[in-house]
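The values are calculated or read from the model by the stated rules, or taken from the named source; none is laboratory data. Fair warning: this is a prediction, and the values are worked out from it, not measured in the lab. Note: ideal-geometry Cβ built from the backbone for every residue, glycine included; neighbour counts use all protein chains shown. To get the accessible areas, we keep the full protein, side chains included, count just its heavy atoms, and leave off ligands, DNA and RNA. Shrake-Rupley method; radii C 1.70, N 1.55, O 1.52, S 1.80 Å.
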Amino acid sequence: MGFLYSQFLVRPSYPTRSFEGETVLVTGANVGLGLEATRHIVRLGAARVILGVRNVEAGEAAKKEIEASTGRSGVCEVWKVDLASYDSVLAFSDRIAQIPRLDAAILNAALATDNFELAEGYERSITVNVINTLLLGLLILPLLKATRQRFPSTRPRLAFVVSEVHAWADTTEIADEGDRILKAISDPTKAKMSGRYYISKLLEVLLVQELASRVRGSEVIITMLNPGLCHSSLGREAGLGFMLMKIILARSTEMGSRTLVAGVSTGLEGHGAYMTDGQVENMALSPFVRSEEGSQTRAKIWNELSTILEGVRPGIMENAQ
Ligand SMILES: NC(=O)c1ccc[n+]([C@@H]2O[C@H](COP(=O)([O-])OP(=O)(O)OC[C@H]3O[C@@H](n4cnc5c(N)ncnc54)[C@H](OP(=O)(O)O)[C@@H]3O)[C@@H](O)[C@H]2O)c1
């Protein structure tokens, strides 16, 4: 009911908050919701916007299009990052660490696929949507915190683009997997790829909740947002059912992108919160996420993620405080 009501009757507010003087990062900014959110942020006066993309040519085309439509040039920069690769995420974040300020980041890049493939030893959508998205978030946290120290008038924000489909996940797939959930669902003989995108978004929701519980909102506001079902390139690798649902129900890409901008426009009320239609709506989180079982799963995957990421960049989990 909430889903259909939102899709047909709710129009997230047109973004008006000024980003003047701010440096903002958007991953997956070459297309879809990331592109439209970037366009808004440039229009709203950001000084520097980094488009984190895996295809630099597509990123440059997006940059040109944004410059033409906003009349602002010298703002967008296209930087390469492939979230299927640890090395690429590390190189990207090392480059980010060199810039003097980062006021906001929207970690938006993700994929929905029915095809099983491994990346860094985990099923690819788990690597991209979950492990490396959290890796990147953790790697940029020190600069976000430092920005608050160096420029006390700014309130750094870190927004993760999740989805209401976290509530559609078949949680039996992760119920009996002990402390190695990410590894178990990356087993090609067991992986249920038809629901994989939903599971990836559920795991992302749980991990962002845990991250936000460890970081003070007074230092960095960490939020997660659901854009609703929107037209975009998402699902280009997914099944026909997903495409049909989009044709019937989806909102425009621009309309959905407003919720991404809302995610980096929120104040402290957004810290650790779930935003939908551009508003904090914690009760829209799934019953599983709000349950005791959900809390236990959250603790287990946080431990598993910590072990993985400590192997990628020793000491990284100290950033989560
Ligand atoms: N559209 C919806 O209905 C909907 C609903 C709820 C949530 N969301 C979420 O919204 C976010 C944006 O999705 P969208 O709908 O705008 O989809 P999209 O048009 O497919 O855009 C996804 C972006 O992620 C990038 N990406 C994918 N794999 C990557 C990788 N390995 N490394 C770096 N970038 C990668 C894509 O780059 P390429 O162009 O190079 O592939 C693209 O820029 C996602 O987090 C998605 O889960 C979407």
*The lone exception for D94 - which of (1) over 16 Å from L139 (Cα atoms); (2) without any contact (Cβ under 8 Å) to a residue 60 or more places away in the chain it fails*: (1)
*asked:* It is to be established whether one or more residues within the range 30-43 are at pLDDT below 95 and over 21 Å from I140 (Cα atoms).
replied: no
*(1) within 20 Å of K201 (Cβ to Cβ); (2) touching a residue at least 40 places away in the same chain (Cβ under 8 Å); (3) more than 16 Å from the ligand (Cβ to nearest atom); (4) surrounded by fewer than 19 Cβ atoms within 10 Å (Cβ to Cβ): which one isn't true of L268, the others all being true?*
(1)
*Report, by residue number, each residue of the range 115-156 that is in contact with an Asp or Glu (Cβ under 7 Å, 6 or more places away or on another chain), farther than 23 Å from V220 by Cα and away from the ligand (no atom under 11 Å from the Cβ).*
N115, F116
*Quick check, is S213 within 27 Å of S291 (Cβ to Cβ), open to solvent by 30 Å² or more (accessible area, probe 1.4 Å) and either assigned to a helix (DSSP H, G or I) or out of contact with any Lys or Arg (no Cβ under 9 Å at 6 or more places or on another chain) (or both)?*
yes
*Given D87, D82, which one is out of contact with any helix residue (DSSP H, G or I) (no Cβ under 6 Å at 6 or more places or on another chain) and either within 15 Å of E22 (Cβ to Cβ) or within 13 Å of the ligand (Cβ to nearest atom) (or both)?*
D87
*Within the range 1-60, count every residue that is open to solvent by 40 Å² or more (accessible area, probe 1.4 Å), over 22 Å from G278 (Cβ atoms) and away from the ligand (no atom under 13 Å from the Cβ).*
2
*helices (runs of 4 or more DSSP H) wholly in the range 222-321 with at least 2 residues that are at pLDDT 95 or above - which ones?*
253-263, 292-312
_Failed criterion for Q279 (all others in (1) closer than 20 Å to E177 by Cβ; (2) open to solvent by 60 Å² or more (accessible area, probe 1.4 Å); (3) of a type in the set (S, T, N, Q) hold)_ = (1)
